[in-house]
Protein chains: 2
Amino acid sequence: MKTEFDLHSFLPFLMHHASEKVSFGFRDIYRDQYRMTRSEWRVLATLGQYGALTATEIVTHTGLHKTKVSRAVFSIEQRRWLKRRQDEQDRRILRLELTSQGQSAFASLCKAGIAYDQKVRDFLGEDDFSRLSALLTKLNDL
Amino acid sequence: MKTEFDLHSFLPFLMHHASEKVSFGFRDIYRDQYRMTRSEWRVLATLGQYGALTATEIVTHTGLHKTKVSRAVFSIEQRRWLKRRQDEQDRRILRLELTSQGQSAFASLCKAGIAYDQKVRDFLGEDDFSRLSALLTKLNDL
DNA sequence: TTGATATAGTTACATTCGTAACCATTATTT
DNA sequence: AAATAATGGTTACGAATGTAACTATATCAA
């Protein structure tokens, strides 16, 4: 069958592949060292970076589905890495905050993250790396 | 907590977001029009593009997990879009081939794919689009 | 030739996921 | 104030996933 379509140069396919390649390199770290899922890592990172947040705020920061956030929060709480505190004004809301154990786990993964970032940066070269970042950011407005 | 780490500029995060953005735009098409999953779409596209293949060949072309291919093949077969034919020399092997219905579905999705590609191309501009493709391709060797 | 190893593909099982329904609480309308 | 709607968050359920075990066939080695 003759066609001008080629899966391997189709952007959704290319993007997904590259994304997995890049993501899995780092996933191996949080998965093997801490038995964490991607959702858990993102929730941890967001709380680590912004301090106390509500689940809804984490959703907007990470783009994760709210059930994923709910489940990730639960499991991170299980390991005593975060505590929930009910908001006084609005009792629907739970303020989430890392414990000191959570903060050290975050700090350790941050270091690993920065190292991994540097590895990719070295591979691509500084110019291509920032070009790529810029292009990916631009795609957010697609 | 002060840190030089920022999730939103972390490449695995950026990549994953952009990838979903780009992928979902097209997924809506094969999902809504044909109730297909991504695995099914990829298998269809690969068979459409290369003609008869074995499941293992589809795995190498698509990077899909072999159980995904197995299941996708099964469900595509259910809709009579492909037929299996046992290889005479090696009876472990099943040659997979699209039926004419499968080929028209593929043709239709190709058209949609090309249109979608054009849409992204227009959004990014031709230069950025090819720059991006090149960078993503480069990442395969990470 | 027979026993061990490898390969093609499927299936069982446990886990993860997204949709939708759900509870509890707060805000809005009448 | 009572009824209704909206919001924060969790849960039930079905579908999709990955790992590992499995069947069947083929290859290799002794």
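Residues whose amide H comes within less than 5 Å of that of A:M36, counting only those at least five positions distant or on another chain, are A:R31 (H built at 1.01 Å from N in the peptide plane). Peptide A:116-127 is shielded by partner chain Cβ atoms: per residue, an average of 2 of them sit within 10 Å of its Cβ. Across region A:85-94, computed HN-Hα scalar couplings (Karplus, 6.51 cos²θ - 1.76 cosθ + 1.60, θ = phi - 60°) run 9, 6, 5, 6, 5, 10, 7, 7, 8, 10 Hz from first to last residue, x flagging Gly and Pro.
The calculated 222 nm mean residue ellipticity attributable to helices in chain A amounts to -22500 deg cm²/dmol, summing -39500 (n - 2.57) over DSSP H runs of n ≥ 4 and dividing by all residues. The same position A:K66 in the other copies lies at 4.2 nm from this copy, comparing label points 7 Å beyond Cα toward the beta-carbon, shortest first. Placing a label point 7 Å from Cα along the Cα-to-Cβ axis, B:D127 is separated from the same position in the other copies by 1.4 nm, shortest listed first.
Treating the angle as unsigned and between 0 and 90°, give the value, to the nearest 10°, between the Cα long axis of helix A:100-124 and the longest Cα principal axis of chain A. So the helix axis and the longest Cα principal axis differ by about 10 degrees. Helix B:66-78 axis versus longest C-alpha principal axis of chain B: approximately 60°, rounded to the nearest ten. Scanning chain B for the Cβ atom closest to the axis that brings B onto A yields residue and whole-Å distance B:S19, 2. Comment: the Cα-to-Cβ extended label point of B:I93, at 7 Å, lies 6.4 nm from its counterparts in the other copies, nearest first. Here the Karplus curve 6.51 cos²θ - 1.76 cosθ + 1.60, taken at θ = phi - 60°, turns the phi angles of region A:31-47 into couplings of 6, 6, 7, 10, 6, 9, 8, 5, 4, 4, 4, 5, 5, 4, 5, 5, 5 Hz, with x standing for Gly and Pro.
Which pairs break 25 Å Cα to Cα here: A:K138/B:K119; B:K66/B:K111; A:K66/B:K119? Distance filter (> 25 Å) returns B:K66/B:K111; A:K66/B:K119. For the protein assembly as shown, the spread of Cα positions along the three principal axes, ordered from largest to smallest, is 67, 39, 37 Å. Between B:T67 and A:T99, the distance separating the two model label sites (each 7 Å from Cα on the Cα→Cβ line) works out to 3.4 nm.
Rule-based calculations on the coordinates, nothing more; no lab input. In this text, all values refer to a predicted model and were calculated from it rather than measured experimentally. Reconstructed Cβ throughout: ideal geometry from the backbone, glycine too, with neighbour counts over all protein chains shown.
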